[in-house]
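Everything below concerns the one structure shown next.
The values are calculated or read from the model by the stated rules, or taken from the named source; none is laboratory data. Quantities reported herein were computed from a predicted structural model and do not represent experimental measurements. In this analysis, Cβ positions are derived from the backbone assuming ideal geometry, glycine residues included, and neighbour counts consider all displayed protein chains.
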Amino acid sequence: MKNKIPPFKLIAEPLNEEAKKLPPFKWADDEIGKRHQLGGKPQFIQNAEIPICPECKKQMTFYGQLDSINDEFIIADCGMIYVFLCFECNESKSIIQSY
């Protein structure tokens, strides 16, 4: 991947009372809901899936991943969204993977 971004851990911090009151997962492992990050290497749940830019046809750069939040705001089956960018063409693509 070109223009690899150094890894940053993202910590989901509730910004209002509604968010603070959301219950945690009832059945998922402790790590689920805490896998948010910027840069580094994607923590793919399934096989690696690096998209190609539709404009320049080069491999896109992993920008970050967002995890499921709780049982109400779950991505598929405790999945994640992976975001990729082409810094040359300003194109983006997101991919969802789950268990």
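Odds and ends about this structure:
- Flag for PHE62 being touching a residue at least 60 places away in the same chain (Cβ under 8 Å), surrounded by 15 or more Cβ atoms within 10 Å (Cβ to Cβ) and over 15 Å from SER98 (Cα atoms): yes
- Identity of the residue in the range 17-39, exposed (fewer than 10 other Cβ atoms within 10 Å of the Cβ), of a type in the set (Lys, Arg) and modelled with pLDDT of 95 or more, that ends up farthest from the chain's Cα centre (by Cα): LYS21
- Of all the numbered requirements in (1) within 18 Å of ILE95 (Cβ to Cβ); (2) of a type outside the set (Lys, Arg); (3) part of a loop (DSSP other than H, G, I, E, B), PHE62 misses one, and that requirement is (3).
- Of the residues making up the range 21-39, those that are part of a loop (DSSP other than H, G, I, E, B) and either within 21 Å of CYS89 (Cα to Cα) or basic (Lys, Arg) (or both) are LYS21, LYS26, LYS34, ARG35, GLY39.
- Applying the condition of being among the aliphatic types (A, V, I, L, M) and assigned to a loop (DSSP other than H, G, I, E, B) to the range 45-59 and asking which residue is surrounded by the most Cβ atoms within 10 Å (Cβ to Cβ) yields ILE45.
- Conditions (1) part of a loop (DSSP other than H, G, I, E, B); (2) within 20 Å of GLU13 (Cβ to Cβ); (3) within 11 Å of the chain's Cα centre (by Cα): number failed by PRO42: (2)
- Near pairs, Cβ below 6 angstrom, 6+ apart or cross-chain, from the range 68-93 (under 14 Å from GLY39 (Cα atoms)) to any residue that is modelled with pLDDT of 95 or more and surrounded by fewer than 16 Cβ atoms within 10 Å (Cβ to Cβ): ILE81/SER94; ILE81/ILE96; VAL83/SER94; LEU85/SER92
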